[in-house]
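In what follows, a structure is listed as structure tokens, so that the remarks can point back to it.
The values are calculated or read from the model by the stated rules, or taken from the named source; none is laboratory data. It should be emphasised that the depicted structure is a prediction, and the values quoted were computed from it without experimental measurement. Note: ideal-geometry Cβ built from the backbone for every residue, glycine included; neighbour counts use all protein chains shown. We work out accessible area using only protein heavy atoms, side chains counted, and drop any ligands, DNA or RNA first. Shrake-Rupley method; radii C 1.70, N 1.55, O 1.52, S 1.80 Å.
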Amino acid sequence: MASHSSQEGKQANIIDGKAIAQTIRSEIAAEVSQLSQKYGKVPGLAVVIVGSRKDSQSYVSMKRKACNEVGIKSFDVDLPEQVSEAELMSKIHELNAIPDVHGILVQLPLPKHINEERILGEISIEKDVDGFHPLNIGKLAMKGREPLFLPCTPKGCLELLSRSGISVKGKRAVVVGRSNIVGLPVSLLLLKADATVTIVHSHTSNAESIIREADIVIAAAGQAMMIKGGWIKPGAAVIDVGTNAVDDPSRKSGYRLVGDVNFDEACKVAGCITPVPGGVGPMTVAMLLKNTLEGAKRAMEQPQ
Ligand code: NDP
């Protein structure tokens, strides 16, 4: 962790998600090569994209490139915008049946005429590397049950904490946001790791005072810089998932990305904090690779 100096001389440690993600990718590459030597096979990830949304295309090409870099075989499935739900579903069934495909990722959002919930529910839970299948989320919620996969961004948040030497057990954690992809699963993960967890959402009346009690804050509201420095308990660990574009005429693009936390203010109070960009974002892709590797190991070590 690097340090960030402030005017008052106090400083939060900056959790370098990019560097941690790079370390994890190297570990994955080493394991992939061991698997290849042992079984003569490498993990495979099917990345399915429907349509030509620019943002989705750039996420998908980033994921495919990340696969190639660590030796995971990427199965590219590019379908046109007008593909029917039935056709997409039969593609998913086809991928479920291919033994060399160990993970299936369907890039969201899907076009409006396709029911996302139905499609995600068709992915075999053994290949659900995004961890969004209700059975995997259900097992995450239940005591004594272990899901086959953890959702990537929440898993990345916990990994950032553990690799930064921050223990969760017995701590007060506040999660801001309760979405199916970030807020809810990260709350469940923190609970499984023995934190005392409070969830703040858009109907919470006294968010500021609740957040101020937290030893660990996970911000995932999608609200640019809503969490002020004064809302943070001195010394707290702050993981900022929020990725919000705000106007910035000084940039060529006309915008810049900021988190849900006012970073400059929070740096003067927090014990450690993730930047945006360069914090949680790189971990999400690293966890996707890790989930694919784990799925492949399960399949290769216990063939049907
Ligand atoms: P959603 O919009 O699905 O959910 C936002 C959540 O925040 C909701 O539960 C909402 O409450 C809550 N919320 C909204 N406004 C407030 C507020 N003022 N106070 C308290 N809670 C509030 O977003 P996602 O979970 O998909 O994403 C959250 C953020 O994380 C986004 O900025 C997104 O871009 C980013 N993200 C980053 C990733 C990464 O890899 N770095 C991956 C995924 C997301 P309610 O339920 O009541 O509506």
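Of the residues in region 227-250, how many are within 12 Å of the ligand (Cβ to nearest atom) and either over 19 Å from P277 (Cα atoms) or in contact (Cβ under 8 Å) with a residue 40 or more places away in the chain (or both)?
The first filter runs over region 227-250 and keeps only residues within 12 Å of the ligand (Cβ to nearest atom), leaving 227, 231, 239-246.
If we keep only those that are either over 19 Å from P277 (Cα atoms) or in contact (Cβ under 8 Å) with a residue 40 or more places away in the chain (or both) as well, we get 227, 231, 239-241.
Selection size over region 227-250: 5.
List the residue pairs whose Cβ atoms are under 7 Å apart, where the first residue sits in region 180-191 and is without any contact (Cβ under 8 Å) to a residue 40 or more places away in the chain, the second is more than 14 Å from the ligand (Cβ to nearest atom) and open to solvent by less than 30 Å² (accessible area, probe 1.4 Å), and the two are 6 or more positions apart or on different chains.
Matching pairs, first to second residue: L190/V168; L190/A173.
Does Q22 satisfy being closer than 20 Å to V241 by Cα, at pLDDT 95 or above and open to solvent by 30 Å² or more (accessible area, probe 1.4 Å)?
On the way: closer than 20 Å to V241 by Cα: yes; at pLDDT 95 or above: yes; open to solvent by 30 Å² or more (accessible area, probe 1.4 Å): yes.
Spelling it out, Q22 is indeed closer than 20 Å to V241 by Cα, at pLDDT 95 or above and open to solvent by 30 Å² or more (accessible area, probe 1.4 Å).
Can you tell me which residue within region 251-261, out of those that are more than 16 Å from G177 (Cα to Cα) and touching a residue at least 12 places away in the same chain (Cβ under 8 Å), is most open to solvent (accessible area, probe 1.4 Å)? If you could, list the steps in order and put the result at the bottom.
Going through region 251-261, the residues more than 16 Å from G177 (Cα to Cα) turn out to be 251-258.
Narrowing further to those that are touching a residue at least 12 places away in the same chain (Cβ under 8 Å): 257-258.
Working: L257: 69, V258: 10 Å².
The extreme case among them is L257.
Under the condition of being assigned to a loop (DSSP other than H, G, I, E, B) and open to solvent by 80 Å² or more (accessible area, probe 1.4 Å), which residue from region 222-250 is nearest to V175 (Cα to Cα)? Outline the logic, then answer.
The first filter runs over region 222-250 and keeps only residues assigned to a loop (DSSP other than H, G, I, E, B), leaving 222-226, 228, 232-236, 241-243, 248-250.
Keeping just the survivors that are open to solvent by 80 Å² or more (accessible area, probe 1.4 Å) gives 223, 228, 234, 243, 249-250.
Details: Q223: 14, K228: 15, P234: 17, T243: 16, P249: 32, S250: 33 Å.
Here the residue is Q223.
Scan region 58-81 and report the pairs whose first residue is among the aromatic types (F, W, Y) and whose second residue is surrounded by fewer than 18 Cβ atoms within 10 Å (Cβ to Cβ) and part of a loop (DSSP other than H, G, I, E, B), with Cβ atoms within less than 9 Å and a gap of 6+ or a chain change.
F75/I98; F75/D100
Filtering region 262-283 down to residues that are open to solvent by less than 40 Å² (accessible area, probe 1.4 Å) and within 11 Å of the ligand (Cβ to nearest atom), which residue is farthest from S74 (Cα to Cα)?
Filtering first and then ranking leaves T274.
Considering only residues of region 35-53 that are under 26 Å from the mean Cα position of the chain (by Cα) and open to solvent by 10 Å² or more (accessible area, probe 1.4 Å), which is nearest to E126 (Cα to Cα)?
Among them, the one singled out is V42.
Taking region 190-216 as the search range and keeping residues that are part of a strand (DSSP E or B) and within 11 Å of the ligand (Cβ to nearest atom), which one is farthest from D260 (Cα to Cα)? Even if it seems obvious, please write down each step before you answer.
Initial filter on region 190-216 (part of a strand (DSSP E or B)): 196-200, 216.
Now restrict to residues that are within 11 Å of the ligand (Cβ to nearest atom): 199-200.
Details: I199: 15, V200: 13 Å.
Among those residues, the one meeting the criterion is I199.
Please give the number of the condition A97 fails out of (1) under 26 Å from S124 (Cα atoms); (2) of a type in the set (A, V, I, L, M, F, W, C); (3) touching a residue at least 12 places away in the same chain (Cβ under 8 Å); (4) open to solvent by 10 Å² or more (accessible area, probe 1.4 Å).
Only one criterion is unmet by A97, namely (3).
Please tell me if V174 is of a type outside the set (G, A, S), more than 14 Å from I273 (Cα to Cα) and away from the ligand (no atom under 12 Å from the Cβ). Spell out how you get there, then give the answer.
On the way: of a type outside the set (G, A, S): yes; more than 14 Å from I273 (Cα to Cα): yes; away from the ligand (no atom under 12 Å from the Cβ): no.
So V174 fails the test.
Mind listing whichever residues of region 187-219 are over 21 Å from G235 (Cα atoms) and open to solvent by less than 40 Å² (accessible area, probe 1.4 Å)?
L188, L189, T204
Residues of region 150-167 being in contact with a Ser or Thr (Cβ under 8 Å, 6 or more places away or on another chain) and more than 16 Å from I273 (Cβ to Cβ), which ones?
C152, T153
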